[in-house]
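Have a look at the structure below before the remarks.
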Amino acid sequence: EIDIFENYGGEDGLEVNIQSHTIHFGESGEETRGMIAKKTKVAKKGDTLFHIYACHWTEKFIAFYTDGKLIRTQKMSKNLAFWMNREMSIVINNGLEAKYLPKSSTTYLANKMEIDWIRVYQKKAKLK
């Protein structure tokens, strides 16, 4: 599983400006056996703006971008490649964790995520 982006905020429900990029790997179950994550601060009120998130995934690395800026690069180890060379799906999730909601969660009874477009590109295989 590759989480191209997740946003987190403070206990007050404001300042949602912590972005996480995570690679989960291992057997399926309640928890993955391995996880590689990096958190980055982004612009204040960044959760109210449109962004372009990208993941460039090759045999040698996985790179994460936000609005065209490289946020992190993860080298592909043999162990990671074993798990990443499997069929993947795209999942769009607008889940909320209670620990990131304000103490008075009545303001969060409804939330939304607007998506303008999603694109997936695959490099053509080289002919032998």
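No value in this document is a laboratory result; all are computed from the given coordinates. Since the model is a prediction, treat every value here as computed from it, not as a measurement. Cβ: placed from backbone, ideal geometry, glycine included. Neighbour counts: every protein chain shown.
Spin-label model, ASN79/CYS55: points 7 Å from Cα along the beta carbon direction are separated by 2.0 nm. For the residue pairs LYS39/LYS112; LYS78/LYS112; LYS69/LYS123; LYS39/LYS124; LYS41/LYS123, the alpha carbons lie more than 29 Å apart in LYS78/LYS112; LYS39/LYS124; LYS41/LYS123.
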